[in-house]
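The block underneath contains the structure these notes are about, expressed in structure tokens.
Just so it is clear, none of the values below were taken in a lab; they were calculated from the coordinates. Being a predicted model, the structure only gives us computed values, none of them experimental. Glycine gets a Cβ as well: all are built from the backbone with ideal geometry, and neighbour counts include every protein chain shown.
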Amino acid sequence: MPNIISIQFGFLGLFISLGVGAVGSLIFRNNDRLSNWWGNLSAIAGSIFGIISSLSIITSGNIFSYNIPTSFPLLSVSLKVDALSAFFIFVISLISLFASIYAIGYVKHFYKKYNIGSLEFFYNIFIAGMMLVVSAHQALFFLISWEIMSAASYFLVIFERKEKENIKAGAIYFIMTHMGTAFIISLFLILYKFTGSFDFETIKNSAALIPSLALNTIFILGLIGFGAKAGIIPLHIWLPNAHPAAPSHVSALMSGVMIKTGIYMLIRLFWDMLPHDTFWWGIAVLIIGSVSSILGVLYALTEHDIKKLLAYHSIENIGIILLGFGSALTFYSLGLNSLAILGIIASLFHILNHAVFKALLFLGAGSVVSQTHTRNIEEYGGLIKLMPYTGLFFLIGSMAISALPPFNGFASEWLTFQALFQGMQTLNTVARGVFILAAGSLAFTGGLAAACFVKAFGITFLARPRSEKAKHAKESGISLRIGMAGLAILALLFGIFSGPISSLLSKIAGGESPLISENYGMQLKNGFATVSMPAIFIILVLALASVVVAVFIAAGKRKIKNGITWDCGSDLSPRMEITSTGFARSIITIFGGILKPTRQTDVEYHDANMRYFPKFKNISLGINDVYSAYIYGPLEKTAEAIANAARKIQSGNINAYIFYIFIVLIALLLFAV
């Protein structure tokens, strides 16, 4: 049993490693190779410290806390790592470990193009910022940590600053992040008004003093502020551009863990600190989760940019996480505590699983992009022969995110389904309808996700290369393969051993588990549903082995003959392959009312008089940005109009400015009286 002293030294080692990595990277900034190794090895060391320390807290039940008063009366450097914080530190550390191993080889293609020292500095600060966010226990210190994380990630987004679209993506990210921060600050100010403190423990103990109207206001502010970081629709507009812009190992961290810091604070506030007996909170979260999951996967299907496609799937999976959390809030408000624990376990498990398979997919995409120098799926093809390891790891990630057994995505989505089914069986008519909607959206999302990754994997790795760059691609280096292999193995292990993991997560949820572990399976106590992931794994292995044996028996002694494929009298070429546009076209057409697709057709004829025999025809499908058109565009115009109106008072006359100050002082005095 680890003692609290060893845990404290573990967390001290975590932050010292990341601090040394950040400072050392700046010192060695003129040496790309040294900066790369120094920064990433420091991040690896910090991640190992984080994994060991967080697991020690989760398994032992100890709590690590640290508090230093400052000269500012309302600010203290207050850290507290309980089971919930330790879980998120574990997830951050786990993904950081494999992303940093991957980065050692991946960052090499930036040598002499960009400053590697600055990349590694912000990379280590970014990881440290995320660690501080999930362990901060005082509102003002939390806001400082939140800003450190956001600022570091902004500079990582615009790292490849020679690309104009990256600068634009960074600007949108910066604006949306600080818009969300404004709502978070308002939330903490309301809490301070009614509790008289910024300390999380004091707020928790004084939560009964907060009136219901203020609690509902806090919930709305939190949903907007932290939802903007999580990427829920319609606050997601920064995410599809910022994640692809960042280097791929950073994209893995942003998509795999950074957006979960918003989910962490939603759980911390509305599950741990404040009374969560308001029925409509859970219903609202369920509806938002349903909408985000469906629209996220639909937008992913329309994408030809492989990293944007993965970014949209982050929105989808945040929606799935919210389905578990929303069901937990709903159950708890109705006094169904054991079912509420089930919902929280499902949410936490999918947070872990999504971090693993989404990081794996981003690392796989980065491997492909580094070899082909393009993110356009239409220019790939045939890479499975040239990059077999990358293809295998990407396939595992694709199966996991598509919730196919025995991988981890199936396990957490199964738990989410069980929570939703329990709501359909237990609750009244109104709530039951919402749970039916949520379960339907989850099922629908799963089918569309599978279709999307058939497109992503098939068009990227199968058939023939469709560009010269794809023809000359080579397998990635050893560090990239190790990073991807580690996550691929975890995607399988977390699925097979989902029973013990679910039981362990019940400790983090803070209540008796509605699950029991029998032979490493998952079973609900009331016998509603049971699944054994090891049994599924064994059955699949035996089925595969049976097929291999049957093929060997039937054709093992026959010689392989190579022959010319019948090709209708023409040579086989990449132009005969199905494209990403063609694959998704029917689905886009079906959901045209939601996606608002655009179509552009370019046709070239052999002869102007022979319009039925075109020489070349190209069809490009896209979607209209309805959020910019109907939400953010009008807001931007309104803000610009207000700013232009306000400019009129800037007359340049000093007497007028003194008069303005005088009027404000009089108004403040009257207000004070």
Figure the gain on full extension for LYS474 and PHE194 (residue separation times 0.36 nm, minus the Cα-Cα span) and round it to one decimal in nm. 94.7 nm
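Quick one: longest stretch of the chain between exposed loop GluC sites (Glu not before Pro), exposed meaning at most 12 other C-beta atoms within 10 Å and loop per DSSP?
Longest run free of exposed loop sites: 164-511.
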Can you tell me the 0 to 90 degree angle between the C-alpha axis of helix 279-302 and the longest principal axis of the chain, rounded to 10? 30
Based on other C-beta atoms within 10 Å, arrange SER255, SER573 from fewest to most. SER573, SER255
What is the spin-label model distance, in nm, from ILE642 to ALA543 if the labels are put 7 Å beyond Cα along the C-beta direction? 5.8
Considering the dipole of the range 277-551 built from charges on the beta carbon (Lys and Arg +1, Asp and Glu -1) around the Cα centre, which of THR302, THR372, GLN418 is farthest to its positive end? THR372
If you rank ARG466, ARG558, ARG29 by fewest surrounding Cβ atoms within 10 Å, what's the result? ARG558, ARG29, ARG466
Any chance you could give the angle, 0 to 90 degrees and rounded to 10, that helix 478-496 forms with the longest Cα principal axis of the chain? 80
Taking Cα atoms only, helix 337-372 is inclined relative to the longest principal axis of the chain by an angle, in degrees rounded to 10, of 50
With r as the distance between the Cβ atoms of ARG575 and ALA554 and R0 = 25 Å, compute the FRET efficiency 1/(1 + (r/R0)^6) and round to 0.05. 0.10
Across LYS385/LYS469; LYS469/LYS559; LYS358/LYS507, pairs whose alpha-carbon gap is larger than 23 Å: LYS469/LYS559; LYS358/LYS507
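Can you put VAL291, VAL157 in order of Cβ neighbours within 10 angstrom, beginning with the fewest?
VAL291, VAL157
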Add -39500 (n - 2.57) for each DSSP H run of 4 or more in the chain, then divide by its residues: what number comes out at 222 nm, to the nearest 500 deg cm²/dmol? -23000 deg cm²/dmol
Please work out the FRET efficiency for the pair ALA672 and ARG161, using the Cβ-Cβ distance as r and a Förster radius of 60 Å; give the result to the nearest 0.05. 0.80
Listed residue (ILE478, ILE263, LEU140) projecting farthest to the positive dipole end of the chain, Cβ model: ILE478
Suppose every K and R has +1 on its Cβ and every D and E has -1 on its Cβ; what is the size of the dipole of the chain about the Cα centre, in Debye to the nearest 20? 1440
